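Student: Please see the structure below; I have some questions.
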Amino acid sequence: MELALFWLLLPFAVLGHFASAIWLFNRLHAEVWPYRFRQVLERLLFLASLTVPVLIALQLPVLSSLITLSAEQRQQLPWFNLLTFGYLCFTLVACLLIVPWWLVPKLRYRVPSELVRNETQRLDLGQQLPGISVQGVFPRLCASLPGNQVLHLHVQTKTLRLPNLPRRLAGLKIAHLTDIHLTGKISRDYFAEIIRRTNDLQPDLIALTGDIAERTRCLPWIQPLFGALQAPLGKFFIFGNHDFLLPDTNLLLEEMRASGFVDLGGDCQRLNIRDTPVLIAGNELPWQGPAPEVPPRIPDSPSPEFRLLLAHTPDLFSWAQSHQFDLMLAGHNHGGQIRFPLIGPLISPSRFGVRYAAGVFREGPTFLHVGRGISGEHLLRFNCPPELTLLVLE
């Protein structure tokens with residue numbers, strides 16, 4: 001009976017092993033670590049996630065007999081057999097904890113009824129624009145994998161009906177760009193097409209939520225690309241974690257300002273749009289602080305204020321709620337980049353795992369839009385194409 005129970009629970013222990021590795025990977029990329037140190041931890045975690053199951057498989061005959069052995073017989077076994085058995089017990093507990101933590105929010109999630117319209121235009125830019133190229137042997141190999149959608153693009157128009165939106169702001173159009181990742185791996189023509197498509201949407205305001213460039217050689221691209229963006233109510237941006245990997249982030253800051261963008265990192269500004277007060281703020285935590293000092297909302301104001309937050313990571317969703325923002329825009333998670341049928345994404349660099357990988361969410365009066373991003377450090381996207389979004393507010 002004990003032996004049968006061991007073999008019955010073994011698959012759940014293996015599931016717990018991989019669930020633990022994925023949880024650690026997501027948390028690793030949600031926190032602030034020195035880049036090189038994080039890379040070492042990432043590779044060690046990847047190596048352990050693959051080698052530990054092999055080591056356990058080699059010890060299965062001994063491990064399965066541990067249940068039937070007496071206490072004296074167990075003491076005579078090598079220490080690594082006992083250690084492996086203890087690890088199996090740990091992964092079984094991890095399975096019982098992590099899998100429900102991942103599954104329950106997934107089953108409970110419903111697209112907010114306030115997302116009243118979602119129109120998607122699907123484009124294969126690799127086929128439509130022969131000038132687009134991928135540089136580097138490994139990036140080209142990744143981009144050529146069957147089913148890889150790294151050069152596909154979804155241009156989405158999402159209409160949000162916000163209960164607290166002042167009447168005069170009805171119809172306001174915000175282009176949400178995030179995770180551009182100028183690395184030189186994808187040629188400039190791709191990003192020029194993104195800019196052209198953004199202007200075709202005729203946004204009133206443009207919000208760029210970080211991870212703009214991570215290679216110095218791409219900085220000369222900034223002004224020709226982002227300077228061409230047009231929005232009558234302004235262009236605003238914050239930095240993401242990859243922007244801080246540049247040797248001198250101030251160079252990128254200067255290029256963005258020269259392109260007509262307003263830096264909202266750790267700051268908030270009051271705008272007057274259609275005779276309506278609008279507070280727009282940017283929060284670059286946890287990578288760069290401090291958070292902006294947001295004044296308290298005036299209750300029962302005769303002229304209600306609309307609040308918009310730009311943040312790189314959706315982990316700041318609770319912060320946005322506590323500061324009474326109506327709408328928060330974020331990226332960072334890339335939609336998971338690989339979305340499995342039925343299961344969805346597994347990898348998402350967030351304290352919440354894949355809960356806010358991409359899409360529209362609502363908690364209380366605050367709405368959150370997480371974009372899948374335009375590009376990425378790793379050119380792998382399966383069932384998760386890049387996304388350019390126009391938000392229309394009603």
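Student: Can you pull out every residue in segment 269-305 that is in a strand (DSSP E or B) and under 23 Å from the mean Cα position of the chain (by Cα)?
Tutor: Result: 280, 281, 282, 283.
Every residue, every condition in (1) over 30 Å from residue 312 (Cβ atoms); (2) modelled with pLDDT under 85; (3) touching a strand residue (DSSP E or B) at 6+ places or on another chain (Cβ under 8 Å); (4) of a type in the set (A, V, I, L, M), yes or no:
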residue	(1), (2), (3), (4)
17	yes, no, no, no
22	no, no, no, yes
34	no, no, no, no
51	yes, no, no, no
67	yes, yes, no, yes
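Student: Check every one of the strands (runs of 3 or more DSSP E) wholly within segment 346-394 and list those with 1 or more residues that are surrounded by fewer than 21 Cβ atoms within 10 Å (Cβ to Cβ).
Tutor: Once the strands (runs of 3 or more DSSP E) in segment 346-394 are filtered for at least 1 residues that are surrounded by fewer than 21 Cβ atoms within 10 Å (Cβ to Cβ), what remains is 359-363, 387-393.
Student: So, in segment 312-345, exactly how many residues are more than 24 Å from residue 264 (Cα to Cα) and assigned to a loop (DSSP other than H, G, I, E, B)?
Tutor: Looking only at that region, the number is 4.
Student: Among the residues of segment 166-187, are any among the hydroxyl-bearing types (Ser, Thr, Tyr) and crowded, with 23+ Cβ neighbours inside 10 Å? Steps first, answer last, please.
Tutor: Let us first name the residues in segment 166-187 that are among the hydroxyl-bearing types (Ser, Thr, Tyr), namely 178, 183, 187.
Next, from what is left, pick out any that are crowded, with 23+ Cβ neighbours inside 10 Å: 178.
Among the residues of segment 166-187, at least one is among the hydroxyl-bearing types (Ser, Thr, Tyr) and crowded, with 23+ Cβ neighbours inside 10 Å, which makes the answer yes.
Student: Next up: Just to be sure I understand, how many residues within segment 82-116 are within 21 Å of residue 343 (Cα to Cα), in contact (Cβ under 8 Å) with a residue 24 or more places away in the chain and either in a helix (DSSP H, G or I) or in contact with a Ser or Thr (Cβ under 8 Å, 6 or more places away or on another chain) (or both)?
Tutor: Of the residues in that region, 11 qualify.
Student: Determine which member of the set 267, 211, 275 is at pLDDT below 95 and not hydroxyl-bearing (Ser, Thr, Tyr).
Tutor: Only one candidate qualifies: 275.
Student: Looking at this structure, is residue 160 touching a strand residue (DSSP E or B) at 6+ places or on another chain (Cβ under 7 Å) and either surrounded by 23 or more Cβ atoms within 10 Å (Cβ to Cβ) or more than 15 Å from residue 282 (Cβ to Cβ) (or both)? Working first, answer last.
Tutor: Values: touching a strand residue (DSSP E or B) at 6+ places or on another chain (Cβ under 7 Å): yes; either surrounded by 23 or more Cβ atoms within 10 Å (Cβ to Cβ) or more than 15 Å from residue 282 (Cβ to Cβ) (or both): yes.
Judged against the criteria, residue 160 is a match.
Student: Sticking with this one: Would you be able to say whether some residue in segment 223-231 is within 25 Å of the chain's Cα centre (by Cα) and closer than 29 Å to residue 29 by Cα?
Tutor: Checked segment 223-231: at least one residue is within 25 Å of the chain's Cα centre (by Cα) and closer than 29 Å to residue 29 by Cα.
Student: Could you give me the residue pairs with C-beta distances under 7 Å whose first residue belongs to segment 23-50 and is closer than 25 Å to residue 97 by Cα and touching a residue at least 24 places away in the same chain (Cβ under 8 Å), whose second residue is β-branched (Val, Ile, Thr) and in a helix (DSSP H, G or I) wherever it lies, and which are 6+ apart or on separate chains?
Tutor: From segment 23-50, the pairs are 23/98.
Student: If the requirement is being in contact with a Phe, Trp or Tyr (Cβ under 9 Å, 6 or more places away or on another chain) and open to solvent by 30 Å² or more (accessible area, probe 1.4 Å), which of these qualifies: 234, 260, 210, 240?
Tutor: On the way: 234 fails: open to solvent by 30 Å² or more (accessible area, probe 1.4 Å); 210 fails: open to solvent by 30 Å² or more (accessible area, probe 1.4 Å); 240 fails: open to solvent by 30 Å² or more (accessible area, probe 1.4 Å).
Result: 260 is the single residue among 234, 260, 210, 240 that is in contact with a Phe, Trp or Tyr (Cβ under 9 Å, 6 or more places away or on another chain) and open to solvent by 30 Å² or more (accessible area, probe 1.4 Å).
The values are calculated or read from the model by the stated rules, or taken from the named source; none is laboratory data. If you're wondering where the values come from, they're calculated on a predicted model, not measured in any experiment. Please note: Cβ atoms are built from the backbone with ideal geometry, for glycine as well, and neighbour counts cover all protein chains shown. Just the protein is used for accessible areas: all its heavy atoms, side chains included, with ligands, DNA and RNA removed. Shrake-Rupley method; radii C 1.70, N 1.55, O 1.52, S 1.80 Å.
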